[in-house]
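The values are calculated or read from the model by the stated rules, or taken from the named source; none is laboratory data. Everything quoted here is computed from the prediction, not taken from an experiment. For neighbour counting, all protein chains shown are included, and Cβ atoms are generated from backbone atoms with ideal geometry for every residue, glycine included. Just the protein is used for accessible areas: all its heavy atoms, side chains included, with ligands, DNA and RNA removed. Shrake-Rupley method; radii C 1.70, N 1.55, O 1.52, S 1.80 Å.
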Amino acid sequence: MTPFPPDRTSRAAEAETAQPEPNTLRLPEPPAAPRVLQVSRLAQGGRWRVEAMRALAEPCLIWFTRGQGRITVGGLTRGYGAHNAIFIPAGVMHGFDVGPQSHGSVVFFGRDCPFTLPDTPQHLRIRDATPQAELTGLVEAVLRELDGSRPAGMRAAELYLGLIGVWLERQTVLQTNEAQSSDAARRLVARYSALLERDFRLGQGVADYAQELGVTPTHLTRVCRTTCGRAALDLLQDRRLYEARRLLAETDAPVKEISETLGFTSPAYFTRAFHARIGKTPSDFRKAG
């Protein structure tokens, strides 16, 4: 039996309707294994390699030890400086300025990273020398094991990378707690300032305000120093004596009356407090004005 000849018409139609293969350029796959590179080396071949927005298939940690610039991670731009640790999860777009003074290391954790690392980007400003030295030592240990020829070098490097993950977790928790504490401090000082503005003429002391705020005078003073660099008593005295100078300069009220208006226990105490802060007695201040 003679087979049917091929259907040339149908084959031609198939050829016309077939979609062409896309001409896709494929870049070489980046290394899958963990590695450590210097920040300056990342810019080899063009600064655009670090400054342009891009995302990696692996998590990385940038540890800046010198210099300053700006870094954008996940659409948020911040300044970076010495002893800033920036962790970037896989798939998060980022880019940063790199100049001749920018130095540091970049730890790449590998595409199949088995370590416990933060789920979100972290920008950690490390102010204390101890955690600075800890991270620098861990990064150097990873580099030493990867570049060396000792037995089990990769396994040792992975253990150090795991410790970097622990370091990141600890610093993230610490700085989160510090931020929450800082927010609470700012709220407390804001409440104290509002009370001062309302009641500074009543002659109350810091202990009275602290009691109304539900804290100890020591805590209130410490928080004021942390937030604005001045003690709680300084803020109180400044507000009272500012008002005193206004009354002396803009009214003819006697010093005794001004003293009573501002809640001082006696004109003599008012005069001493005024002179200690302003450098003149109330009467001399009025005459000079």
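Among the residues of region 58-81, none is identified as surrounded by fewer than 13 Cβ atoms within 10 Å (Cβ to Cβ) and closer than 19 Å to Gly110 by Cα.
When each of Asp183, Asp112 is tested for being exposed (fewer than 14 other Cβ atoms within 10 Å of the Cβ), under 22 Å from the mean Cα position of the chain (by Cα) and of a type outside the set (Gly, Ala, Ser), the lone residue that passes is Asp183. Residues in region 196-206 that are open to solvent by less than 60 Å² (accessible area, probe 1.4 Å) and outside any loop (DSSP other than H, G, I, E, B): how many? Residues flagged as open to solvent by less than 60 Å² (accessible area, probe 1.4 Å) and outside any loop (DSSP other than H, G, I, E, B) within region 196-206 amount to 4. Go through Phe64, Phe96, Phe108, Phe115 for me and flag whichever is in contact (Cβ under 8 Å) with a residue 24 or more places away in the chain, among the aromatic types (Phe, Trp, Tyr) and farther than 18 Å from Leu143 by Cα. The unique qualifying residue is Phe96.
Look at region 68-87: where a residue is under 20 Å from Trp48 (Cα atoms) and a partner is open to solvent by 30 Å² or more (accessible area, probe 1.4 Å) and of a type in the set (Asp, Glu), sitting 6+ places away or on another chain with Cβ atoms under 7 Å, you get Gly69/Asp97; Arg70/Asp97. The listed residues are Ala90, Ala85, and the only one of them that is modelled with pLDDT of 95 or more and touching a Leu at 6+ places or on another chain (Cβ under 9 Å) turns out to be Ala85.
Determine, yes or no, whether Leu143 is under 27 Å from Ala55 (Cβ atoms), buried (at least 17 other Cβ atoms within 10 Å of the Cβ) and without any contact (Cβ under 8 Å) to a residue 60 or more places away in the chain. So Leu143 does not fit the description; no.
Whether any residue in region 275-288 is within 20 Å of Arg198 (Cα to Cα), at pLDDT 90 or above and open to solvent by less than 70 Å² (accessible area, probe 1.4 Å) is what I want to check. Within region 275-288 (the criterion being within 20 Å of Arg198 (Cα to Cα), at pLDDT 90 or above and open to solvent by less than 70 Å² (accessible area, probe 1.4 Å)), the answer is no, since none of the residues qualifies.
Here is a check on your reading of the model: is Ser193 of a type in the set (Ser, Thr, Tyr) and either exposed (fewer than 13 other Cβ atoms within 10 Å of the Cβ) or under 30 Å from Leu117 (Cβ atoms) (or both)? So Ser193 does not fit the description; no. Among residues of region 250-272 that are within 12 Å of Pro282 (Cα to Cα), those with a beta-carbon under 9 Å from a residue that is exposed (fewer than 11 other Cβ atoms within 10 Å of the Cβ) and among the hydroxyl-bearing types (Ser, Thr, Tyr) at least six positions away or on a different chain give the pairs Ser259/Thr265. Restricting attention to region 209-248, the residues being assigned to a helix (DSSP H, G or I) and open to solvent by 70 Å² or more (accessible area, probe 1.4 Å) number 10. Comparison of Gly46, Gly79 shows that the only residue that is modelled with pLDDT of 90 or more, more than 30 Å from Glu158 (Cα to Cα) and not aromatic (Phe, Trp, Tyr) is Gly79. Residues that are closer than 24 Å to Arg47 by Cβ and small (Gly, Ala, Ser) number at least 1 in the following strands (runs of 3 or more DSSP E) confined to region 82-131: 84-88, 94-96, 103-108. Just to check your reading of the model, which residue among Thr136, Thr176 is free of Cβ contacts under 8 Å to residues at least 12 places away in the same chain, among the polar types (S, T, N, Q) and assigned to a helix (DSSP H, G or I)? Answer to the check: Thr176.
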